[in-house]
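The values are calculated or read from the model by the stated rules, or taken from the named source; none is laboratory data. Given the structure is predicted, the values throughout are model-derived calculations rather than measurements. Note: ideal-geometry Cβ built from the backbone for every residue, glycine included; neighbour counts use all protein chains shown. Only protein heavy atoms, including side chains, enter the accessible area calculation; ligands, DNA and RNA are left aside. Shrake-Rupley method; radii C 1.70, N 1.55, O 1.52, S 1.80 Å.
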Amino acid sequence: MGKLDNKVAIITGGASGIGEGMVDLFAKEGAIVIAADINEAALEKASQKENVYGMKLNVASDEDWQALAKEVNERFGKIDILVNNAGISSEKPYAEINAEDWQKMLAINGFGPFAGVKHIAPYMAAQKKGSIVNISSYTAMIGQGFNHYSASKGAVRAMSKAAATTFGRQGVRVNALFPGIIETPMTQALSSSKELLGQLIQATPLQRLGKPEDIAQAALFLASDDSSYITGAELVIDGGFSAQ
Ligand SMILES: NC(=O)c1ccc[n+]([C@@H]2O[C@H](COP(=O)([O-])OP(=O)(O)OC[C@H]3O[C@@H](n4cnc5c(N)ncnc54)[C@H](O)[C@@H]3O)[C@@H](O)[C@H]2O)c1
């Protein structure tokens, strides 16, 4: 028996990296998984997996979210789980970030998860049960110089707690995960420099970078009924980096 048997789960950014890891684990645990992503070519590949349905979504679009929620509910009869994972990153220095950069970052990383909660939580509330997992970042907790990226992840952190209190009485749980540096296409530049990689590993108490599976296992716990009394919680998954 899988931990997510008979559950319908939407995972944004499900076509790559951490999202792809979660799609694979959730499907293995028995869920019907909707991998929602802006990258249509990558979605085609995701759709070939058993019990995985690729659907196009720009998380920054209210209209896209509304259409996705309706389609998933009509096609599969309910929505049990949402993982707000899609995101972009940037290491632009403070002085070079302009209003357009800020707005794009906050539109995708901030408004995206907010709109996900806004459009999906009502379907969960209708069945008095649901679990939402928001992917923030350790950069929302400690200063790492990621600037507008950190700000967008801080927005996810605060919004997760607010949403947990807003929707808790309707049976909808909202929790947040805070990954450290995880080996995905997003961090390829970091891990392809041998020297930098060595420094990062050295600086991490558990002496390695994270893998998509490390985040997927934590997301599985928060998505499943194993965590049925947990809402508004924050879990850091960074090999101890930010504990120092
Ligand atoms: N990799 C890390 O070290 C790390 C650390 C902390 C937090 N995170 C967060 O984890 C999440 C996943 O990151 P990843 O490393 O797997 O990155 P990734 O680049 O491998 O995957 C991101 C996915 O999001 C999709 N996406 C981007 N913009 C979108 C949009 N507007 N609408 C829908 N989909 C969109 C991309 O197409 C891609 O499939 C992100 O929110 C990221 O900020 C990553």
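Observations, loosely collected:
- Per-atom-type breakdown for the chain gives carbon and sulfur 53% of the accessible area (1.4 Å probe, protein chains only).
- Summed residue charge, Cβ within 12 Å of Pro113's Cβ, Lys/Arg positive, Asp/Glu negative: +3
- Environment charge at Asn6 (Cβ cut-off 14 Å; Lys +1, Arg +1, Asp -1, Glu -1): 0
- Here the chain is treated with +1 on each Lys and Arg Cβ and -1 on each Asp and Glu Cβ, and its dipole about the Cα centre works out to around 620 debye.
- For Gly87, nonlocal amide neighbours, meaning residues 5 or more places apart or on other chains whose placed amide H falls under 5 Å from its own, do not occur.
- Given R0 = 30 Å, the distance between the Cβ atoms of Glu63 and Ala99 translates into a calculated FRET efficiency of 0.80.
- The residues neighbouring Ile181, those whose beta-carbon lies less than 13 Å from its own, together hold a net charge of -2 under the Lys/Arg +1, Asp/Glu -1 convention.
- Legend: residue pairs Lys45/Lys104; Lys78/Lys129; Lys3/Lys211; Lys28/Lys153, Cα-Cα distance threshold 19 Å; pairs beyond threshold, Lys45/Lys104; Lys3/Lys211; Lys28/Lys153.
- Taken per residue, the accessible surface of the chain reaches 48 Å², heavy atoms only and a 1.4 Å probe.
- For the peptides 22-34, 116-128, residues were scored by their other Cβ atoms within 10 Å and the scores averaged per peptide; the highest-first order is 22-34, 116-128.
- Unit Cα scatterers, Debye sum, the chain: log10 I(q)/I(0) for q = 0.14 Å⁻¹: -0.88
- D (Stokes-Einstein, µm²/s), Kirkwood Cα radius, segment 155-244, 0.890 mPa s at 25 °C: 168
- The phi-based Karplus calculation (6.51 cos²θ - 1.76 cosθ + 1.60; θ = phi - 60°) puts the 3J(HN,Hα) values of segment 127-134 at 9, 6, 6, x, 9, 10, 10, 9 Hz, whole numbers, x for Gly and Pro.
- Protection proxy ranking for 157-168, 87-98, using the average of other Cβ atoms within 10 Å per residue and placing the highest first: 157-168, 87-98.
- Cα centroid of segment 1-67 to Cα centroid of segment 191-244, whole Å: 21
- With q set to 0.18, 0.19, 0.22 Å⁻¹, the log10 of I(q)/I(0) for segment 64-178, from the Debye formula over equal scatterers at the Cα positions, is -0.86, -0.93, -1.13.
- Under the simplified labelling scheme, the Arg208-Asp225 pair shows an inter-label distance of 3.3 nm, with each label point 7 Å from Cα along Cα→Cβ.
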